[in-house]
Structures are given as structure tokens and as C-alpha cells.
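Visitor: First, the structure itself, so that you have it in front of you.
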Amino acid sequence: MSNFLKCLFFMPLFVFSQDKVSTSLYPAYIGNIEFNKEIDKENFKLCFEKHIYQYFNDSHGLEYRGEKAALEREFLKEYKSEVIKNETGSIRINFVVNCNGETDRFRLIAMDENYNEKQFEKSITEQLLTITKRLKGWKGKQMRGNNVDYYQYLIFKIENGQLKEILP
């Protein structure tokens, strides 16, 4: 009888367990930016591929030499605004900053003022992406004495083609 009870106890473990194939279909963390050989640099190295922090995990916020003011100056100097009717909403560029302050894995998401997905004119998105890729003031981070890589994002508020605000 005890063998029968043991079987009943362990049977759910075998029946309801997931195999390794099904668990690998999902990223380790929501928002991870996986390497894409079509658009990412092959030579971009991370300190710790298995865990990339969010930029705010250490409570230091934005880590850019000269702070946000320096970052905004770069965009004000480089971005060439055009008045383009109905080109209003937000453009978010996500990317990874490695422990040396180098960047790659840029991804762009755009939405209208009602948070619906939107395609902006290429003249807007390509400028923002090019300027973001050129930024060289990102600082490396440390957590608990270890160098870490982190996800960073910039959100651009666009109003009729004009750059109105940069967040965070």
C-alpha cells in the first residue's frame, strides 16, 4: 500500500513537469533584447550575458556624463526638426549598455498619442536612432562591487514632427 501512495504522490511531478524545450521558448526576463545577427554588432561584448539589469535597478537613474542636460544638448544640436502634420506621439529606443559604457542592440517602438502602435516618417525615426547610436557618454555600472550590463531607454515626445521632450 505504501508503494501505491508513493506513486500517487510523485505522479503529478512527472505528469505536470515542463520539458526543457518548452521553457526555453520564453526570455528569462520580460523586455530582454536578444542578439539579432541581422542588425546587432557581432563584436559587442557583455560582461554577463545571463543577466542584464534595468538602468534604474541601482537607484542611480540615468548614467550619462554631464547628466540629462548633456544628453538633451546632443539631440538639440543634431536633430533637424521638420513640421510634419500628424506625426505626433512617442518614440522609444531601447538598448543595452555594457559594463564599459558601449551600446548596441537598439530597438525602436513607436506609438501615437493614444498609445496605439504607429509608424513615424523615416526622417524622424532614422535621425533619432542615428543620434542615439552615436552617444558616447554612457557610464558603466556596478552592483555589489561587480561590473554589470544594463538596459537603457530614451523616449522622445514628438509633436507634428518636432522633438518636444526626451525622457527619462
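Visitor: Taking Phe95, is it out of contact with any helix residue (DSSP H, G or I) (no Cβ under 6 Å at 6 or more places or on another chain) and part of a loop (DSSP other than H, G, I, E, B)?
Guide: Judged against the criteria, Phe95 is not a match.
Visitor: What's the number of the only condition in (1) farther than 23 Å from Glu49 by Cα; (2) of a type in the set (A, V, I, L, M); (3) without any contact (Cβ under 8 Å) to a residue 40 or more places away in the chain that Leu108 fails to meet?
Guide: Answer for Leu108: the failing condition is (1).
Visitor: In the range 131-145, is there at least one residue being among the polar types (S, T, N, Q), surrounded by 12 or more Cβ atoms within 10 Å (Cβ to Cβ) and modelled with pLDDT of 95 or more?
Guide: Yes, the conditions are met somewhere in the range 131-145.
Visitor: Turning to a different aspect of this structure: Restricting the search to the range 130-168, which residues are outside any strand (DSSP E or B) and among the charged types (D, E, K, R)? Show your work before the answer.
Guide: Of the residues in the range 130-168, the ones outside any strand (DSSP E or B) are 130-137, 139-140, 144-145, 149, 160-161, 168.
Within the range 130-168, Lys133, Arg134, Lys136, Lys139, Arg144, Asp149 meet the criteria.
Visitor: Just checking, how many residues over the range 139-168 are under 17 Å from Lys68 (Cβ atoms) and of a type in the set (Val, Ile, Thr)?
Guide: 2
Quick grid of which residues meet (1) in a strand (DSSP E or B); (2) among the aromatic types (Phe, Trp, Tyr); (3) at pLDDT below 95; (4) surrounded by fewer than 16 Cβ atoms within 10 Å (Cβ to Cβ):
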position	(1), (2), (3), (4)
Ile91	yes, no, no, no
Arg105	yes, no, yes, no
Asn114	no, no, yes, yes
Gln119	no, no, no, yes
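The values are calculated or read from the model by the stated rules, or taken from the named source; none is laboratory data. As the structure is a computational prediction, the values presented were derived from the model and not from experiment. FYI the Cβ positions are ideal-geometry reconstructions off the backbone, even for glycines, and counts take in every protein chain you see.
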